[in-house]
Amino acid sequence: MAESDRKKWDAKYSDTNHQIEHGEASYMLKQYHGQVTGKRALDVACGTGRNALFLAALGFHVDALDISSVGLKRLAEAAVGLSGQVDTRVVDLDGFSPPVETYDLIVVTNYLNRPLIPKLGASLLAGGILVMDTFMLDQRNEVTHYNPDYLLKKSEFTEYFQTGYQILKFEEYCVKNSGCGMWKQAIAVRKLG
């Protein structure tokens, strides 16, 4: 496990005023969750679980993965009493492989792990939907101190889903956080088969 990553995220999730603590579920997840037939979901790099909580409230069984035990503890506490179920697991996602053909819905937000993307596709059941949303390189970004290895290139998400998937929606959009603008890419794809 990447100890430095774990410490960094444990510290961020210990601060309840951190901006990532107050977000709603992914707008793309809200748009496409109702188009799956089953109720088995995976939330990758879930943090304190805004997406997992949204899905569990709708009756989904969610496997929620993150490197931070602090974030996962907060998620587990918040999930008590929801109609669905949330199973949390501390996972170093570098080198991680989810089980094949298991999930109806997978969501990944604000996290980029390029080698993991094809594995997530393989983890979907036929007809399942994958929703991804994260930051990208763009000359219009007002924040410039990010490591480019963790930022998508122009239209990069679409390159992963040319064969075996139907792209339901793809867009690039700007978000503002405390006056600092960053461009993001969001995609929703359905696995064919």
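Derivation of every value follows stated rules applied to the coordinates shown; laboratory data play no part. All figures in this text were calculated on a predicted structure; none of them were measured in a lab. Cβ placement follows ideal geometry from the backbone for every residue including glycine, while neighbour counts extend to all protein chains displayed.
Below 8 Å, C-alpha to C-alpha, sequence gap of six or more: please give me the relative contact order for region 46-139 in percent.
Averaging sequence separation for qualifying contacts and normalising by length gives 24 percent for region 46-139.
How much length, in nm to one decimal, is gained on full extension between Asn147 and Lys119, taken as 0.36 nm per residue of separation minus their Cα-Cα distance?
In short, 7.7 nm is gained.
Obtain the nm distance between the two label points defined at Val80 and Ser14 by a simple spin-label model: each point lies 7 Å from its Cα along the Cα-to-C-beta direction.
2.3 nm
How much length is gained on full extension from Asp87 to Lys169, taking 0.36 nm per residue of separation minus their Cα-Cα distance?
Full extension from Asp87 to Lys169 adds 26.7 nm.
Among Lys30/Lys184; Lys73/Lys119; Lys153/Lys191, which pairs are too far apart, with a Cα-Cα distance over 20 Å?
Lys73/Lys119; Lys153/Lys191
Debye sum, Cα scatterers, the chain, no solvent: what log₁₀ I/I(0) at q = 0.08 1/Å?
For the requested q values the scattering log ratios are -0.24.
Quote the relative contact order of the chain in percent (integer), defining contacts as alpha-carbon pairs under 8 Å separated by 6+ residues.
18 percent
Return the tail of the calculated pair distribution for region 153-193, meaning the percent of Cα-Cα pairs more than 16 Å apart.
More than 16 Å apart: 44 percent of the Cα pairs in region 153-193.
Collect residues whose amide H, placed 1.01 Å from N in the peptide plane, falls under 5 Å from the amide H of Ala64; neighbours closer than 5 in sequence don't count.
Asp43, Asp87, Thr88, Arg89
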